[in-house]
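The values are calculated or read from the model by the stated rules, or taken from the named source; none is laboratory data. Values in this document were obtained by computation on a predicted structure and should not be read as measured data. Neighbour counts run over all protein chains shown; Cβ positions are idealised from the backbone, glycine included.
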Amino acid sequence: MASVKDMPLLQDGPPPGGFAPVRYARRISNTGPSAMAIFLTVSGAFAWGKLFLTNAYDDDDDDDDDDYE
């Protein structure tokens, strides 16, 4: 049995003609909400939350007035 040191060196190389090109470009689709749609949705959610909290604080203030009289 031959030693590893006695064996000829054989190194892998690229296939004849080279490797196929690698597709690395990002493909971002055009679908999805626009910036205006996102802005309007967030603004609407903020306005609804502000209205909800304002009404909750107004209702809470009416109940506290009776405790101090």
Return a yes/no flag: does region 16-23 have any residue that is surrounded by 10 or more Cβ atoms within 10 Å (Cβ to Cβ) and either at pLDDT 85 or above or in contact with an Asp or Glu (Cβ under 6 Å, 6 or more places away or on another chain) (or both).
-> no
Checked against (1) at pLDDT 75 or above; (2) in a loop (DSSP other than H, G, I, E, B); (3) β-branched (Val, Ile, Thr), residue 28 satisfies every condition except (1)
